[in-house]
Amino acid sequence: MKSHVFVVDVDSYPVHRDRLFCSVKNPNRINARGNPNSSFFGLYADIKALRKGDLVFFYQMRKGEEKHLRGFRGVFKVVSDPFFSDEIIDGVSNSFSNLGSLNKKVLGRCPKCGSSVSDKQKDVKKTINGRERKVTIKYCQKCGEELDFHILPNRVLIEPLVYYDDPIDDNTAYIDRNFIKKKGMLWTMLFRKTFGAGRERSITHILPEETEKLLFMFKTLFREKKIDTSNHYNPEVMKPLIVPLDTKENGELVIEAYLEAWMMENIDKNIPVLKEIIGPVNQIEYVGNNVLYGIGGEKVDVLVLHKKNEERFKATVIELKKGKLKKQDILQIGNYTKWMAQLVFGDNTKESKNKIQPVLIGFQTPQDIISFARNFITDTQSPIILNYKVGNNTIKFERIL
Ligand SMILES: [Zn+2]
């Protein structure tokens, strides 16, 4: 079961729940040096990993003193393709519990200047009840005006699957021995959390066993509640999120994030050459990009898990390089093998390591690197190398090892 965790806060969660959509930030498309912004297209990759029918959980971050509201919330399912809309989405007038959406909004643009670039936050000193206090405010990156709500125009529509009013708090999710004993740890979420403030992504694609654990905890701890779906958001326009495949003169993509975003959109769409590596779509158990496998923030670009007859029989680990592959990229296989086996097969035995299929995708890979990879001894399956080529607004692959 594929599922994704969206990070929200006390302002955005109630609007998402009542109007039934998820959204992520919209950083500047171009960075300060005038180049395409990798974070922007990284977010495209994250949201393009979603498919209709996938499950969605929210993770509500703490804001101020509202500690008891923090935790995992759910459960919803994806019902649209991702899209862009700058509409301002209001909360619902009869939603006024302590986590109601009344008077709350999710913005698609700045109400003052119309910019759809997401807000930033900063600490300022404000006088509240006659006392000067430090508070965190949101502001528009374009006009600088203070904003009451987040600008989140990259969206996907959802429906409730089984809805629970209460969140699973962090203690229960991560520390409760009973749940760990029965259902293991939420490793990828934990790695994400310990990765460090500001570096977290707004969507985490969690493993099927993590999904199962969250569903089990909800069912064990809380009673299902009915949710009013009559106020669901009906977008006026749904602009598709388009990945530009701009290249340098030699044909190399300008940034790697183009390749990542394109892969997440197309990985299960029967792309020649790639489809032989990915295998039949009905055997895909999980696809995630930017998957953390270590407490130090170690990650792989793309992870695909394959399942047949109820058994996970293979894990394909794909590393993406926009330029020429280097020796170091091949050596990296040795770094993740043990941890990846542990993460997805539960141990690091020879048998588990042997179920890992390393794949490297690069551009005009030199002959000496191909030879190096051919002779490189690993505990995994022999590495596969593909070269990519951009043309006619698509990417083609050639298998060279
Ligand atoms: Zn503005």
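The values are calculated or read from the model by the stated rules, or taken from the named source; none is laboratory data. Given the structure is predicted, the values throughout are model-derived calculations rather than measurements. Here the Cβ is made from the backbone with ideal geometry for all residues, glycine too, and neighbour counts use every protein chain on show.
Listed values, structure above:
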| item | result |
| --- | --- |
| Unique match (being farther than 30 Å from Met1 by Cα, in contact with a helix residue (DSSP H, G or I) (Cβ under 7 Å, 6 or more places away or on another chain) and surrounded by 18 or more Cβ atoms within 10 Å (Cβ to Cβ)) among Gly91, Gly71, Gly108 | Gly91 |
| Test: residue in the range 362-377 that is part of a strand (DSSP E or B) and surrounded by 15 or more Cβ atoms within 10 Å (Cβ to Cβ) | yes |
| Residues satisfying the stated conditions in the range 32-63, i.e. under 22 Å from Val243 (Cα atoms) and in contact with a helix residue (DSSP H, G or I) (Cβ under 7 Å, 6 or more places away or on another chain) | Ser38, Phe41, Gly42, Tyr44, Ala45, Lys48, Ala49 |
| Members of the range 245-259 that are in contact with a helix residue (DSSP H, G or I) (Cβ under 8 Å, 6 or more places away or on another chain) and either at pLDDT below 95 or crowded, with 16+ Cβ neighbours inside 10 Å (or both) | Leu245, Leu253, Ile255, Glu256, Ala257, Tyr258 |
| Some residue of the range 139-160 being in the same structural domain as Val15 (by TED's automatic domain parsing) and more than 27 Å from Arg19 (Cβ to Cβ) | no |
| Residue list for the range 1-42, restricted to those being aliphatic (A, V, I, L, M) and surrounded by 18 or more Cβ atoms within 10 Å (Cβ to Cβ) | Val5, Val7, Val8, Val15, Leu20, Val24 |
| Single unsatisfied condition, Glu249 versus (1) part of a loop (DSSP other than H, G, I, E, B); (2) touching a residue at least 12 places away in the same chain (Cβ under 8 Å) | (2) |
| Residues of the range 120-173 that turn out to be within 16 Å of the ligand (Cβ to nearest atom) and not charged (D, E, K, R), as a count | 13 |
| Residue match in the range 43-59 (condition: touching a residue at least 12 places away in the same chain (Cβ under 8 Å) and exposed (fewer than 12 other Cβ atoms within 10 Å of the Cβ)) | yes |
| Scan of the range 208-252 for residues that are of a type in the set (Ser, Thr, Tyr) and either over 15 Å from Ile180 (Cα atoms) or in contact with a Leu (Cβ under 7 Å, 6 or more places away or on another chain) (or both), ordered by number | Thr211, Thr229, Ser230, Tyr233, Thr247 |
| Inter-residue pairs, beta-carbon under 7 Å, first at pLDDT 95 or above and in the range 321-350, second of a type in the set (Lys, Arg) and part of a loop (DSSP other than H, G, I, E, B), 6+ apart | Asp329/Lys321; Phe345/Lys355 |
| Counted residues, the range 297-310 - those being touching a Phe, Trp or Tyr at 6+ places or on another chain (Cβ under 9 Å) and at negative phi | 8 |
| Single residue of the range 115-161 satisfying the filter (of a type in the set (Ser, Thr, Tyr) and not in a strand (DSSP E or B)) that is surrounded by the most Cβ atoms within 10 Å (Cβ to Cβ) | Ser118 |
